[in-house]
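Data block below; observations after.
The values are calculated or read from the model by the stated rules, or taken from the named source; none is laboratory data. Computed from a predicted structure; not experimentally measured. Every residue, glycine as well, gets a Cβ built from its backbone with ideal geometry; the counts of neighbours run over all protein chains shown. Please note that ligands, DNA and RNA were not included when accessible areas were found on the heavy atoms of the full protein model with its side chains. Shrake-Rupley method; radii C 1.70, N 1.55, O 1.52, S 1.80 Å.
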Amino acid sequence: MALIEAKNIRKVYNHEMVPLEVLKGMTFDIEEGEFVAIMGPSGSGKSTLLHILGFLDPQTSGTCLFNGKGMEDYTEDEIAHIRNKEMGFVFQAFNLLPRTNVYDNVKLPLIYSDRPEKEWHDLIMKAIKAVGMEHRLEHETSKLSGGEKQRVAIARALVNDAKVIFADEPTGNLDSKSGAMIMKTLQELNQQHGYTIILITHETYTAEHAQRIIKIIDGQIKSDHKVKKRHDANHGFKK
Amino acid sequence: MTQIMASKNKMKIIPQIKIAAKGLRTHKSRSALTILGIVIGIMAIIMVMAIGKGAEDLILDQIRGMGSRTLSVEPGRMPQGLSDFAEVYTESLKDREVKALSNPNNIRGNNEIAPFVYLNATVSYGNEKMRTMIEGANRLWMDILDVEPEEGTMFTDTDVKQMARVAVIGSNVKEELFGDSEAIGKRIKIKNINVKVIGVLPPTGVKMMMNIDDIITMPYTTVQKVLMGISHYHAILIEAETEEMVPGIVEDIKATLREMHGITDPDKDDFHVGTMEDAMEIIGSVTSVLTLLLIAVAAISLLVGGIGIMNIMLVSVTERTREIGLRKAIGATRTDIISQFLIESVILTILGGIIGIIIGAAFTWLIGFGIREFGGFVSWRFFFPMSAVALGVGVAAAVGLVFGLYPARQASKKSPIEALRYE
């Protein structure tokens, strides 16, 4: 059984009483341990798709299963718990708490978890070390560079030992050097630690860091193929 | 799934409190202004409770000072309200009433009796002048007040009989007229009549709602006939042999005076009899009404404060839409978000409550200090009940819960997607 099974997913928004079909029936599976890039131009529906895959928003029709079950099989609190325990999110705008230090930002998901408090410190430190931010523990996130902020956001996504990390344009607000660092981090998490990573991007170059690229245009899958030769983030990063 | 169910709503309260406190610290001045209404409301409650209790104690103390055996017969019927005071000033109590009330055939027991008159007059000694109260009484009055001259002596029954022009003065009167020099034997002038000072009272403060240090006491006959030229009294004080006899004596007084004055309808009484118990009852009901009134004012202040909290919390929810979205995205449930915002509003109001209690206690102490030092009420006690603290904190927390609930619910309803998109 695939970790994520999407079958004929449709999403329709009603904008001022006018229905707008953003996703027009998408079907694909994502296996555990895969690094998948969902690529498409602006307005193609890729972020909407990520929200549906990440149980942040329900689809209008079709099914989207995570570990064999759909959002509709759970109560609101159970969905919150799945997002907390099984999924990690990295956003283009980082979404870190301002005036809060790195350590406390990374701690955030644990507050909503059922993990005993005595385990928190080790988990936080492990996640922070995984993204190489242990030298900035006490720094307020507003004083960090863009790349550092995104690394903190990745640490926050990892801290509760999520199965899958959803990264929505994680390099979108970064310079090329920082972007390369972030992609390298995501690759390492996938290759060395086995995290499933679902990356949303509009850049081909960024998408090529993944093992598989699903291209979407106008709410439909245009192509779904494996990357022949994976791009090594250590060898430069072009925007 | 059972694991999921078991972990539902298991969010830790301490980290939640830390998050809320951090949220509030981020906007220190806004938080401070927000709680101002609560501070004032709780301060008002504390002051009402503490000063109200202190005042009630003081007044009851003053009345108790009159003694449970003492009755006061006063002219005019009992005033029924502020507009009714004209009725009080009648001349229904004269020498024959004093005589009748002294007669054991009319009034049971072997009682002591003191006719009482007073006037406000200017008193002078040399170039020094002061306006004060002159009280005409006899020895019983001093017994009731429980005070003895610290210099000189009290006037005697013979002085009363002979309308002696002698006076016992309070410590402030002595200070004003004589300063540090000797007062005993000196003659002061009241209404152009020379009166010899034969005694000076020690500093005593307020007793029976009068500042004893400011008054001059003289034989009632002298004040009535010589200084005022009247034939009636302002009151007749009677001290019963025992407390148990008081209710019977009240009935005897009423019967005697009604018979003398030809009154058949008690509503037309031209006198009224007061006992310590009556006075305490009246004071008790007056203070309860005042306390209720002040609590109503405090409640309005808390209501306004609560609306202020709600307003600011709503602003805060809108401002932090993105943060709420993030928290929901990473696993916060609706309950978690509600509790976070509720904890914030409760922390705010409890903080306001604590500040209100401290300021209220400080003001209560200051006011008490003023009443004691400048008002002469030496028996004023600083009264700060723990129940007021509990009530203050409890009310503050309740205001936080009630007025924080709506903004908290609004926050919890936000969809993580909408919230994360919010700019």
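Numbers at a glance
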quantity: Filter result for B:ILE358 (open to solvent by 10 Å² or more (accessible area, probe 1.4 Å) and at pLDDT 90 or above); calculated: yes
quantity: One residue from A:GLY70, A:GLY88, A:GLY62 being crowded, with 21+ Cβ neighbours inside 10 Å and not aromatic (Phe, Trp, Tyr); calculated: A:GLY88
quantity: Selection within region A:41-58 - in contact (Cβ under 8 Å) with a residue 24 or more places away in the chain and at positive phi; calculated: A:GLY45, A:PHE55
quantity: Residue ID - farthest from the other protein chains (Cβ to nearest Cβ), chosen from residues in region A:106-120 that are surrounded by 14 or more Cβ atoms within 10 Å (Cβ to Cβ) and assigned to a helix (DSSP H, G or I); calculated: A:VAL106
quantity: Matching residues, region A:19-51, being more than 22 Å from A:HIS209 (Cβ to Cβ) and either open to solvent by 60 Å² or more (accessible area, probe 1.4 Å) or at pLDDT 95 or above (or both); calculated: A:PRO19, A:LEU20, A:GLU21, A:LYS24, A:THR27, A:GLY43
quantity: Failed criterion for A:GLU32 (all others in (1) touching a Ser or Thr at 6+ places or on another chain (Cβ under 9 Å); (2) of a type outside the set (Gly, Ala, Ser); (3) in contact (Cβ under 8 Å) with a residue 60 or more places away in the chain; (4) assigned to a strand (DSSP E or B) hold); calculated: (4)
quantity: Checking B:MET313 against (1) part of a helix (DSSP H, G or I); (2) within 11 Å of chain A (Cβ to nearest Cβ); (3) open to solvent by less than 40 Å² (accessible area, probe 1.4 Å), the condition it does not meet; calculated: (2)
quantity: Residue that is more than 21 Å from B:ILE63 (Cα to Cα) and in contact (Cβ under 8 Å) with a residue 24 or more places away in the chain, where the choices are B:ILE324, B:ILE263; calculated: B:ILE324
quantity: A:LEU123 vs. criteria away from every other protein chain (no Cβ under 12 Å), part of a helix (DSSP H, G or I) and modelled with pLDDT of 90 or more; calculated: yes
quantity: Failed item in (1) among the charged types (D, E, K, R); (2) at pLDDT 90 or above; (3) open to solvent by 60 Å² or more (accessible area, probe 1.4 Å), with A:GLU148 passing the rest; calculated: (3)
